[in-house]
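Structure record follows, encoded as structure tokens.
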Amino acid sequence: MGKIVLIADIHGNYSALRSVIYDMFHKIDTYEYMGIIFVGDLLDYGVEPEKCLELLEGVKGFVIGVLGNHDIAILDQDYSRFNTAHGKKSAEYSRTLIDSKFIWRMLDKFSVQNYAYYKDIMICHGTDEDKWKSVFPNDYETMD
């Protein structure tokens, strides 16, 4: 089986994503590379979400994944779950950086559900029930 690259929490940081993609094709045997699993949060904080999405759309192999909590909040324009005024302002500003065409491209590329599957791998941002819930190493002991 070939190698799969797992990417999450890009948050509009094009230069960081570009570095990761560059390393993928220069440090991984490209004959073994199959694709990318994206685990959410393309949007917020960074100012180049369009370029990030274009980069993901242009890589060889598959790209599959889910939208994260920041993605959903910004696409829906519902900032109520951000904990700070700064977080809300950042999300509101990030919304001004995207247009409806971009939104449809994201919705076409990534699942809005809390989870998706690639073969026998479950992909979720947060938990399979809530994109906003953080999971910590000791949480597995109390999870159903």
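Some observations on this one:
- Residue that is modelled with the lowest pLDDT, among those in the stretch 104-144 that are in contact with a Gly (Cβ under 9 Å, 6 or more places away or on another chain) and open to solvent by 50 Å² or more (accessible area, probe 1.4 Å): VAL135
- Matching option when the condition is hydroxyl-bearing (Ser, Thr, Tyr) and in contact with a Cys (Cβ under 7 Å, 6 or more places away or on another chain), among TYR31, TYR14, TYR45: TYR14
- Filter result for the condition that a residue is closer than 30 Å to PHE25 by Cβ, out of contact with any Cys (no Cβ under 9 Å at 6 or more places or on another chain) and of a type outside the set (Lys, Arg), over PHE82, PHE110: PHE110
- Whichever residue in the stretch 74-103 is among the hydrophobic types (A, V, I, L, M, F, W, C) and free of Cβ contacts under 8 Å to residues at least 24 places away in the same chain and, among such residues, is surrounded by the most Cβ atoms within 10 Å (Cβ to Cβ): PHE82
- Filtered residues of the stretch 9-55 (kept if of a type in the set (A, V, I, L, M), modelled with pLDDT under 95 and assigned to a loop (DSSP other than H, G, I, E, B)): ILE28, VAL47
- Residues that are over 30 Å from GLU92 (Cα atoms), open to solvent by less than 50 Å² (accessible area, probe 1.4 Å) and not hydroxyl-bearing (Ser, Thr, Tyr), drawn from the stretch 26-45: ILE28, GLY35
- Complete set of residues in the stretch 19-44 that are of a type outside the set (A, V, I, L, M) and within 13 Å of the chain's Cα centre (by Cα): PHE38, GLY40, ASP41, ASP44
- Test: ALA85 is at pLDDT 95 or above, touching an Asp or Glu at 6+ places or on another chain (Cβ under 9 Å) and of a type in the set (Gly, Ala, Ser): no
- Residue within the stretch 70-77 that is part of a helix (DSSP H, G or I), charged (D, E, K, R) and touching a strand residue (DSSP E or B) at 6+ places or on another chain (Cβ under 9 Å) present: no
The values are calculated or read from the model by the stated rules, or taken from the named source; none is laboratory data. Please read these numbers as outputs of a predicted model, since none were measured by experiment. FYI the Cβ positions are ideal-geometry reconstructions off the backbone, even for glycines, and counts take in every protein chain you see. All accessible areas refer to the heavy atoms of the entire protein, side chains included, with ligands and DNA or RNA removed. Shrake-Rupley method; radii C 1.70, N 1.55, O 1.52, S 1.80 Å.
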